[in-house]
1. Going through the stretch 247-283 one residue at a time, which ones are among the polar types (S, T, N, Q) and either in contact with a Ser or Thr (Cβ under 9 Å, 6 or more places away or on another chain) or surrounded by fewer than 14 Cβ atoms within 10 Å (Cβ to Cβ) (or both)?
2. Could you go through the stretch 260-277 and let me know if any residue there is in contact with a Pro (Cβ under 9 Å, 6 or more places away or on another chain), in a loop (DSSP other than H, G, I, E, B), in contact (Cβ under 8 Å) with a residue 60 or more places away in the chain and under 28 Å from Met207 (Cβ atoms).
3. When only residues in the stretch 86-105 that are modelled with pLDDT under 80 and not β-branched (Val, Ile, Thr) count, which is farthest from the ligand (Cβ to nearest atom)?
4. Return only the number of the condition from (1) in contact (Cβ under 8 Å) with a residue 40 or more places away in the chain; (2) over 25 Å from His77 (Cβ atoms); (3) outside any helix (DSSP H, G or I); (4) over 18 Å from the mean Cα position of the chain (by Cα) that Ala230 does not satisfy.
5. Any residue at all in the stretch 209-220 that's within 13 Å of the ligand (Cβ to nearest atom) and either charged (D, E, K, R) or farther than 21 Å from Tyr101 by Cβ (or both)?
6. For Gly164, are the conditions met, namely being small (Gly, Ala, Ser) and either part of a loop (DSSP other than H, G, I, E, B) or away from the ligand (no atom under 15 Å from the Cβ) (or both)?
7. Out of the stretch 121-150, which residues are charged (D, E, K, R), more than 13 Å from the chain's Cα centre (by Cα) and buried (at least 22 other Cβ atoms within 10 Å of the Cβ)?
Amino acid sequence: MIQPLVTVRHFRDDPGNDVQDGYDLPDGYVGMHSPWPRPRRRMSGDGRPPLRRPRGGRVVAEHGEATSGGRGLAKRHDETVVREFSKQAETFGDPRLNTAYTRHLARLVDYMEPELDREDVVLEVAAGTGLVSRALAHRVRHVTALDLTPAMLEQGKREADRDGVTNVTFTRGDAADLPYLSRSFTLVVCRFALHQVADPEAVLREMARVSRPGGALFIQDVIRPEDVAADPDRIERLRDPSHNALLTRARVTELVEAAGAEVKRTETFDHVRPLAPWLEQARTPDDDAARIRKELEAELSGGPATGMRPCMVDGELCFTHTNLLVHACAP
Ligand SMILES: C[S@@+](CC[C@H](N)C(=O)[O-])C[C@H]1O[C@@H](n2cnc3c(N)ncnc32)[C@H](O)[C@@H]1O
(Lines give C-alpha, C1' and ligand atoms only; values in the text may rest on other atoms or scores of the structure.)
Protein backbone atom coordinates (compact mmCIF):
# COMPACT_ATOMS: atom_id res chain seq x y z
CA MET A 1 0.00 0.00 0.00
CA ILE A 2 1.29 3.43 -0.80
CA GLN A 3 0.90 5.89 2.04
CA PRO A 4 0.29 9.47 1.04
CA LEU A 5 3.00 11.97 1.75
CA VAL A 6 2.13 15.28 3.28
CA THR A 7 1.88 17.55 0.28
CA VAL A 8 2.98 21.09 0.99
CA ARG A 9 1.83 23.49 -1.67
CA HIS A 10 4.01 26.53 -1.77
CA PHE A 11 2.82 28.28 -4.88
CA ARG A 12 -0.37 29.74 -6.15
CA ASP A 13 -1.72 27.24 -8.61
CA ASP A 14 -3.03 29.71 -11.13
CA PRO A 15 -1.02 28.91 -14.20
CA GLY A 16 -3.02 31.25 -16.37
CA ASN A 17 -1.77 34.19 -14.36
CA ASP A 18 1.97 33.81 -14.56
CA VAL A 19 2.68 37.12 -16.15
CA GLN A 20 4.45 38.90 -13.35
CA ASP A 21 8.18 38.62 -13.17
CA GLY A 22 10.08 38.03 -9.98
CA TYR A 23 8.82 34.68 -8.74
CA ASP A 24 11.33 33.01 -6.49
CA LEU A 25 11.94 29.33 -6.19
CA PRO A 26 9.35 28.37 -3.62
CA ASP A 27 10.78 28.08 -0.14
CA GLY A 28 10.74 24.83 1.63
CA TYR A 29 10.48 21.99 -0.80
CA VAL A 30 14.24 21.61 -0.98
CA GLY A 31 15.03 19.99 2.29
CA MET A 32 11.46 18.97 2.96
CA HIS A 33 11.40 15.51 4.50
CA SER A 34 8.45 13.23 4.74
CA PRO A 35 7.40 12.40 8.29
CA TRP A 36 5.78 9.20 6.99
CA PRO A 37 7.57 5.90 6.79
CA ARG A 38 7.20 4.75 3.20
CA PRO A 39 7.06 1.23 1.90
CA ARG A 40 9.23 0.63 -1.16
CA ARG A 41 7.67 0.57 -4.56
CA ARG A 42 7.61 -2.93 -5.80
CA MET A 43 10.69 -3.54 -7.92
CA SER A 44 10.95 -7.02 -9.25
CA GLY A 45 14.63 -6.68 -10.08
CA ASP A 46 14.31 -9.91 -11.99
CA GLY A 47 16.67 -10.92 -14.74
CA ARG A 48 14.59 -9.58 -17.58
CA PRO A 49 16.68 -8.61 -20.55
CA PRO A 50 17.12 -4.89 -21.16
CA LEU A 51 15.04 -3.25 -23.84
CA ARG A 52 16.94 -3.37 -27.06
CA ARG A 53 17.80 -0.15 -28.81
CA PRO A 54 17.89 -0.36 -32.57
CA ARG A 55 21.34 0.00 -34.02
CA GLY A 56 22.10 2.34 -36.88
CA GLY A 57 22.08 5.60 -35.00
CA ARG A 58 19.54 8.33 -35.12
CA VAL A 59 19.00 11.31 -37.24
CA VAL A 60 16.63 14.20 -37.01
CA ALA A 61 14.70 15.03 -40.08
CA GLU A 62 15.34 18.72 -40.65
CA HIS A 63 13.86 19.91 -37.36
CA GLY A 64 11.62 16.99 -36.61
CA GLU A 65 11.60 13.65 -34.97
CA ALA A 66 14.25 11.08 -35.53
CA THR A 67 14.25 8.81 -38.50
CA SER A 68 16.53 5.88 -39.06
CA GLY A 69 19.83 6.47 -40.77
CA GLY A 70 23.17 8.09 -39.99
CA ARG A 71 24.05 10.34 -37.07
CA GLY A 72 25.06 13.42 -39.03
CA LEU A 73 21.99 15.60 -38.51
CA ALA A 74 21.61 14.54 -34.89
CA LYS A 75 25.23 15.44 -34.24
CA ARG A 76 24.74 18.84 -35.83
CA HIS A 77 21.62 19.37 -33.75
CA ASP A 78 23.49 18.42 -30.58
CA GLU A 79 26.21 20.96 -31.42
CA THR A 80 23.54 23.64 -31.78
CA VAL A 81 22.10 22.59 -28.40
CA VAL A 82 25.48 22.95 -26.69
CA ARG A 83 26.12 26.33 -28.36
CA GLU A 84 22.71 27.75 -27.39
CA PHE A 85 22.61 26.42 -23.83
CA SER A 86 26.16 27.55 -23.16
CA LYS A 87 24.74 31.07 -23.69
CA GLN A 88 21.75 30.43 -21.44
CA ALA A 89 23.51 28.71 -18.53
CA GLU A 90 24.27 31.70 -16.34
CA THR A 91 20.72 33.05 -16.20
CA PHE A 92 18.90 29.74 -16.49
CA GLY A 93 17.81 29.67 -12.86
CA ASP A 94 16.87 33.35 -12.76
CA PRO A 95 13.17 33.38 -11.80
CA ARG A 96 12.74 36.84 -13.35
CA LEU A 97 13.69 35.52 -16.79
CA ASN A 98 12.74 31.87 -16.50
CA THR A 99 9.44 31.70 -14.63
CA ALA A 100 8.38 28.42 -16.26
CA TYR A 101 11.45 26.60 -14.99
CA THR A 102 11.45 28.06 -11.50
CA ARG A 103 7.90 28.81 -10.39
CA HIS A 104 6.34 25.75 -11.98
CA LEU A 105 9.04 23.49 -10.58
CA ALA A 106 6.91 23.05 -7.48
CA ARG A 107 4.06 21.83 -9.63
CA LEU A 108 6.21 19.00 -10.98
CA VAL A 109 7.48 18.09 -7.51
CA ASP A 110 3.89 17.98 -6.27
CA TYR A 111 2.94 15.78 -9.20
CA MET A 112 5.80 13.39 -8.36
CA GLU A 113 5.06 13.46 -4.64
CA PRO A 114 3.15 10.17 -4.31
CA GLU A 115 6.04 8.28 -5.90
CA LEU A 116 8.97 9.91 -4.08
CA ASP A 117 10.79 7.73 -1.61
CA ARG A 118 13.74 8.42 0.72
CA GLU A 119 15.57 5.45 -0.80
CA ASP A 120 15.14 6.56 -4.41
CA VAL A 121 18.16 6.62 -6.69
CA VAL A 122 17.08 9.17 -9.29
CA LEU A 123 18.24 10.06 -12.77
CA GLU A 124 17.29 13.34 -14.41
CA VAL A 125 18.00 13.30 -18.15
CA ALA A 126 18.70 16.50 -20.08
CA ALA A 127 18.86 18.07 -16.63
CA GLY A 128 20.36 21.41 -17.62
CA THR A 129 21.48 23.08 -14.41
CA GLY A 130 19.66 20.42 -12.40
CA LEU A 131 16.83 22.59 -11.10
CA VAL A 132 14.63 19.50 -10.79
CA SER A 133 17.48 17.36 -9.43
CA ARG A 134 18.24 19.90 -6.73
CA ALA A 135 14.56 20.24 -5.81
CA LEU A 136 14.41 16.47 -5.32
CA ALA A 137 17.79 16.01 -3.67
CA HIS A 138 16.70 16.23 -0.06
CA ARG A 139 13.77 13.93 -0.66
CA VAL A 140 15.73 10.97 -2.01
CA ARG A 141 18.99 9.09 -1.57
CA HIS A 142 20.85 10.31 -4.66
CA VAL A 143 20.24 12.16 -7.92
CA THR A 144 22.29 12.02 -11.11
CA ALA A 145 21.80 15.07 -13.32
CA LEU A 146 22.86 14.26 -16.88
CA ASP A 147 23.10 16.80 -19.69
CA LEU A 148 24.87 17.43 -22.97
CA THR A 149 25.95 21.00 -22.24
CA PRO A 150 28.97 21.37 -19.92
CA ALA A 151 28.20 25.01 -19.11
CA MET A 152 24.74 24.08 -17.82
CA LEU A 153 26.20 21.33 -15.62
CA GLU A 154 28.95 23.59 -14.30
CA GLN A 155 26.42 26.29 -13.43
CA GLY A 156 24.21 23.72 -11.67
CA LYS A 157 27.15 22.30 -9.74
CA ARG A 158 28.15 25.78 -8.56
CA GLU A 159 24.61 26.44 -7.36
CA ALA A 160 24.40 23.02 -5.65
CA ASP A 161 27.72 23.69 -3.87
CA ARG A 162 26.51 27.14 -2.86
CA ASP A 163 23.35 25.62 -1.36
CA GLY A 164 25.12 22.71 0.34
CA VAL A 165 23.41 20.07 -1.81
CA THR A 166 25.80 17.14 -1.71
CA ASN A 167 23.88 14.19 -3.13
CA VAL A 168 23.55 15.35 -6.75
CA THR A 169 26.15 14.19 -9.26
CA PHE A 170 26.40 16.27 -12.43
CA THR A 171 27.39 14.19 -15.44
CA ARG A 172 27.92 14.96 -19.09
CA GLY A 173 26.15 12.55 -21.42
CA ASP A 174 23.67 12.01 -24.21
CA ALA A 175 20.10 11.34 -23.11
CA ALA A 176 19.62 9.21 -26.22
CA ASP A 177 22.53 6.93 -25.32
CA LEU A 178 22.73 6.80 -21.55
CA PRO A 179 26.03 5.62 -20.06
CA TYR A 180 24.34 3.36 -17.50
CA LEU A 181 23.56 -0.31 -17.21
CA SER A 182 19.95 -1.32 -17.53
CA ARG A 183 17.78 -1.12 -14.38
CA SER A 184 20.12 1.28 -12.57
CA PHE A 185 17.62 3.85 -11.19
CA THR A 186 14.42 3.70 -9.18
CA LEU A 187 12.99 6.92 -10.63
CA VAL A 188 13.80 8.73 -13.89
CA VAL A 189 12.61 12.22 -14.79
CA CYS A 190 12.91 14.47 -17.83
CA ARG A 191 11.58 18.03 -17.91
CA PHE A 192 11.32 20.47 -20.83
CA ALA A 193 13.64 18.50 -23.04
CA LEU A 194 11.70 16.19 -25.36
CA HIS A 195 11.02 19.14 -27.67
CA GLN A 196 14.72 19.98 -27.54
CA VAL A 197 16.48 16.68 -28.15
CA ALA A 198 17.31 15.31 -31.57
CA ASP A 199 15.57 12.00 -30.94
CA PRO A 200 12.79 11.96 -28.31
CA GLU A 201 11.94 8.34 -29.09
CA ALA A 202 15.46 7.21 -28.20
CA VAL A 203 15.43 9.31 -25.01
CA LEU A 204 12.22 7.69 -23.77
CA ARG A 205 13.51 4.26 -24.68
CA GLU A 206 16.68 4.93 -22.71
CA MET A 207 14.74 6.29 -19.72
CA ALA A 208 12.73 3.06 -19.61
CA ARG A 209 15.82 0.90 -20.09
CA VAL A 210 17.79 2.36 -17.15
CA SER A 211 14.72 2.25 -14.84
CA ARG A 212 14.14 -0.60 -12.47
CA PRO A 213 11.10 -2.62 -13.52
CA GLY A 214 8.11 -0.89 -11.96
CA GLY A 215 10.08 2.29 -11.31
CA ALA A 216 8.43 5.66 -11.89
CA LEU A 217 9.08 7.69 -15.04
CA PHE A 218 8.11 11.35 -15.10
CA ILE A 219 8.00 13.60 -18.13
CA GLN A 220 7.11 17.24 -18.36
CA ASP A 221 7.24 19.18 -21.57
CA VAL A 222 5.69 21.96 -23.59
CA ILE A 223 3.45 20.34 -26.17
CA ARG A 224 1.79 21.29 -29.44
CA PRO A 225 -1.93 21.77 -28.79
CA GLU A 226 -4.06 19.67 -31.12
CA ASP A 227 -6.40 22.55 -31.91
CA VAL A 228 -3.78 25.08 -33.03
CA ALA A 229 -3.34 24.94 -36.79
CA ALA A 230 -0.34 27.27 -37.13
CA ASP A 231 3.16 25.91 -36.54
CA PRO A 232 4.63 27.21 -33.24
CA ASP A 233 8.00 25.57 -33.98
CA ARG A 234 8.94 28.28 -36.47
CA ILE A 235 8.81 31.04 -33.82
CA GLU A 236 10.35 28.75 -31.19
CA ARG A 237 13.35 28.13 -33.47
CA LEU A 238 13.70 31.78 -34.33
CA ARG A 239 14.00 32.43 -30.61
CA ASP A 240 16.32 29.44 -29.96
CA PRO A 241 17.74 27.56 -32.97
CA SER A 242 18.29 24.46 -30.82
CA HIS A 243 14.53 23.97 -30.45
CA ASN A 244 13.62 20.81 -32.35
CA ALA A 245 9.87 20.12 -32.42
CA LEU A 246 6.92 20.28 -30.03
CA LEU A 247 5.18 16.91 -29.78
CA THR A 248 1.46 16.49 -29.26
CA ARG A 249 0.15 14.93 -26.08
CA ALA A 250 -0.86 11.85 -28.08
CA ARG A 251 2.63 11.52 -29.56
CA VAL A 252 4.32 11.76 -26.14
CA THR A 253 2.13 9.03 -24.65
CA GLU A 254 2.59 6.93 -27.79
CA LEU A 255 6.39 7.16 -27.42
CA VAL A 256 6.19 6.35 -23.70
CA GLU A 257 4.18 3.25 -24.52
CA ALA A 258 6.50 2.36 -27.40
CA ALA A 259 9.32 2.35 -24.83
CA GLY A 260 7.40 -0.39 -23.01
CA ALA A 261 6.20 1.84 -20.14
CA GLU A 262 2.63 2.09 -18.89
CA VAL A 263 1.08 5.56 -18.65
CA LYS A 264 -0.48 6.02 -15.20
CA ARG A 265 -1.49 9.69 -15.14
CA THR A 266 -1.35 12.71 -17.41
CA GLU A 267 -2.17 16.35 -16.78
CA THR A 268 -2.03 19.45 -18.96
CA PHE A 269 -2.11 23.12 -18.11
CA ASP A 270 -1.67 26.36 -19.98
CA HIS A 271 0.97 28.83 -19.00
CA VAL A 272 0.69 32.42 -20.17
CA ARG A 273 4.20 33.86 -20.34
CA PRO A 274 5.48 37.37 -20.93
CA LEU A 275 7.40 37.56 -24.19
CA ALA A 276 10.27 39.88 -23.24
CA PRO A 277 11.97 37.76 -20.51
CA TRP A 278 11.52 34.63 -22.63
CA LEU A 279 13.50 36.24 -25.45
CA GLU A 280 16.05 37.72 -23.06
CA GLN A 281 16.71 34.34 -21.42
CA ALA A 282 17.54 32.74 -24.80
CA ARG A 283 19.68 35.72 -25.83
CA THR A 284 17.73 35.92 -29.05
CA PRO A 285 19.46 38.40 -31.40
CA ASP A 286 17.69 41.77 -31.47
CA ASP A 287 16.50 41.53 -35.07
CA ASP A 288 14.95 38.07 -34.52
CA ALA A 289 13.39 39.21 -31.25
CA ALA A 290 11.87 42.23 -33.04
CA ARG A 291 10.49 39.97 -35.76
CA ILE A 292 8.86 37.64 -33.23
CA ARG A 293 7.31 40.57 -31.40
CA LYS A 294 6.01 42.01 -34.68
CA GLU A 295 4.44 38.71 -35.73
CA LEU A 296 2.69 38.24 -32.40
CA GLU A 297 1.41 41.82 -32.46
CA ALA A 298 0.21 41.32 -36.03
CA GLU A 299 -1.71 38.22 -35.00
CA LEU A 300 -3.40 40.18 -32.23
CA SER A 301 -4.45 42.75 -34.85
CA GLY A 302 -6.08 40.04 -36.97
CA GLY A 303 -3.00 38.94 -38.95
CA PRO A 304 -1.83 35.37 -39.60
CA ALA A 305 -1.72 32.92 -36.71
CA THR A 306 1.75 32.18 -35.32
CA GLY A 307 0.82 29.17 -33.21
CA MET A 308 2.02 31.09 -30.13
CA ARG A 309 -1.47 32.15 -28.95
CA PRO A 310 -0.51 35.72 -28.02
CA CYS A 311 -2.47 37.95 -25.65
CA MET A 312 -1.98 41.22 -23.78
CA VAL A 313 -1.91 41.09 -19.98
CA ASP A 314 -1.67 44.39 -18.11
CA GLY A 315 -0.27 46.01 -21.25
CA GLU A 316 2.41 43.36 -21.69
CA LEU A 317 2.68 41.14 -24.76
CA CYS A 318 2.39 37.48 -23.71
CA PHE A 319 2.06 34.10 -25.37
CA THR A 320 0.79 30.68 -24.29
CA HIS A 321 2.60 27.40 -23.70
CA THR A 322 0.66 24.20 -23.02
CA ASN A 323 2.44 21.89 -20.56
CA LEU A 324 2.03 18.14 -20.28
CA LEU A 325 2.88 16.09 -17.19
CA VAL A 326 3.14 12.32 -17.51
CA HIS A 327 3.65 9.68 -14.85
CA ALA A 328 4.44 6.26 -16.28
CA CYS A 329 5.61 2.96 -14.90
CA ALA A 330 8.78 1.41 -16.33
CA PRO A 331 8.51 -2.08 -17.89
C1 LIG B 1 15.25 23.61 -21.93
S2 LIG B 1 16.61 22.88 -21.10
C3 LIG B 1 15.81 22.01 -19.75
C4 LIG B 1 16.74 21.78 -18.58
C5 LIG B 1 16.11 21.02 -17.41
N6 LIG B 1 15.51 19.77 -17.85
C7 LIG B 1 15.07 21.84 -16.68
O8 LIG B 1 13.87 21.60 -16.86
O9 LIG B 1 15.45 22.75 -15.92
C10 LIG B 1 16.99 21.58 -22.21
C11 LIG B 1 18.28 20.86 -21.87
O12 LIG B 1 18.37 19.71 -22.71
C13 LIG B 1 19.73 19.46 -22.93
N14 LIG B 1 19.86 18.51 -24.02
C15 LIG B 1 19.44 18.64 -25.30
N16 LIG B 1 19.71 17.52 -26.00
C17 LIG B 1 20.30 16.64 -25.12
C18 LIG B 1 20.79 15.32 -25.24
N19 LIG B 1 20.73 14.63 -26.38
N20 LIG B 1 21.30 14.73 -24.14
C21 LIG B 1 21.38 15.39 -22.96
N22 LIG B 1 20.93 16.65 -22.80
C23 LIG B 1 20.39 17.28 -23.87
C24 LIG B 1 20.31 20.84 -23.17
O25 LIG B 1 21.71 20.86 -23.00
C26 LIG B 1 19.56 21.65 -22.11
O27 LIG B 1 20.29 21.75 -20.92
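The values are calculated or read from the model by the stated rules, or taken from the named source; none is laboratory data. Fair warning: this is a prediction, and the values are worked out from it, not measured in the lab. Cβ atoms come from the backbone with ideal geometry, glycine included; neighbour counts cover every protein chain shown.
1. Thr253, Thr266, Thr268, Gln281
2. Yes; the residues of the stretch 260-277 include at least one that is in contact with a Pro (Cβ under 9 Å, 6 or more places away or on another chain), in a loop (DSSP other than H, G, I, E, B), in contact (Cβ under 8 Å) with a residue 60 or more places away in the chain and under 28 Å from Met207 (Cβ atoms).
3. Among residues in the stretch 86-105 that are modelled with pLDDT under 80 and not β-branched (Val, Ile, Thr), the one farthest from the ligand (Cβ to nearest atom) is Arg103.
4. Going through the list (1) in contact (Cβ under 8 Å) with a residue 40 or more places away in the chain; (2) over 25 Å from His77 (Cβ atoms); (3) outside any helix (DSSP H, G or I); (4) over 18 Å from the mean Cα position of the chain (by Cα), Ala230 breaks only (2).
5. Looking through the stretch 209-220, none of the residues is within 13 Å of the ligand (Cβ to nearest atom) and either charged (D, E, K, R) or farther than 21 Å from Tyr101 by Cβ (or both).
6. So Gly164 fits the description; yes.
7. Selection gives Arg134, Arg139.
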